[in-house]
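Trainee: Sharing a structure with you now.
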Amino acid sequence: MCEPKSCGCWHEYPERGWIQFLIMRVLYEKPMHGYQLLEEIEQRSSGCHKLEPGSIYTLLRRMEERGLLESKWEKTEGGPDRRVYRLTSKGVEALKMGLTSIVKRKKLFEDLVNFYYENFEKP
């Protein structure tokens, strides 16, 4: 795991809502079990956001209780059974609404990035 300062992060863990959008996005692409999600989140964040197993499973349970996810047990050969999570139609709608909000805010973020470069990254 990278240190927050070394990867440009100013806090170790993202906000809970942000991580839920990332979980829904990943599960939209492919159902998977919790440990796979941990690895995927770490990879997509370039190692800046490594969640603890207890944290991800708590989030997954809460998201399932809210109807955003569903899960079923999957048998594995030579190992313990795994709970595989997938996005529900309610989860797809929540993801779409959240991403719509992000798209609408993109212009504001672009302005902030430009401000940063103009004021703090001068040659």
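Trainee: With respect to residue 102, determine if the residue is surrounded by 10 or more Cβ atoms within 10 Å (Cβ to Cβ), under 15 Å from residue 36 (Cα atoms), touching a helix residue (DSSP H, G or I) at 6+ places or on another chain (Cβ under 9 Å) and of a type in the set (A, V, I, L, M). I'd like the intermediate steps shown before the answer.
Mentor: On the way: surrounded by 10 or more Cβ atoms within 10 Å (Cβ to Cβ): yes; under 15 Å from residue 36 (Cα atoms): no; touching a helix residue (DSSP H, G or I) at 6+ places or on another chain (Cβ under 9 Å): yes; of a type in the set (A, V, I, L, M): yes.
No.
Trainee: Further, regarding this structure: Those residues that are outside any loop (DSSP other than H, G, I, E, B) and surrounded by 16 or more Cβ atoms within 10 Å (Cβ to Cβ), I need them from the range 41-54; list them, please.
Mentor: Answer for the range 41-54, where residues must be outside any loop (DSSP other than H, G, I, E, B) and surrounded by 16 or more Cβ atoms within 10 Å (Cβ to Cβ): 41, 42.
Trainee: Something else about it: When residues of the range 64-82 are filtered for being of a type in the set (Lys, Arg), without any contact (Cβ under 8 Å) to a residue 24 or more places away in the chain and in a strand (DSSP E or B), how many remain?
Mentor: Here the count works out to 1.
Trainee: Now for a separate question. If residue 68 satisfies all but one of (1) exposed (fewer than 11 other Cβ atoms within 10 Å of the Cβ); (2) in contact with a strand residue (DSSP E or B) (Cβ under 8 Å, 6 or more places away or on another chain); (3) not aromatic (Phe, Trp, Tyr), what's the number of the condition it fails?
Mentor: (1)
Trainee: Can you tell me which residue among 85, 35, 57 is surrounded by 10 or more Cβ atoms within 10 Å (Cβ to Cβ) and part of a strand (DSSP E or B)? Even if it seems obvious, please write down each step before you answer.
Mentor: On the way: 35 fails: part of a strand (DSSP E or B); 57 fails: part of a strand (DSSP E or B).
Going through 85, 35, 57 in turn, just one is surrounded by 10 or more Cβ atoms within 10 Å (Cβ to Cβ) and part of a strand (DSSP E or B): 85.
Trainee: Quick one: would you say residue 25 is within 11 Å of the chain's Cα centre (by Cα), modelled with pLDDT of 85 or more, surrounded by fewer than 17 Cβ atoms within 10 Å (Cβ to Cβ) and in a helix (DSSP H, G or I)?
Mentor: yes
The values are calculated or read from the model by the stated rules, or taken from the named source; none is laboratory data. Because the structure is a prediction, the values reported are computed rather than measured. In this analysis, Cβ positions are derived from the backbone assuming ideal geometry, glycine residues included, and neighbour counts consider all displayed protein chains.
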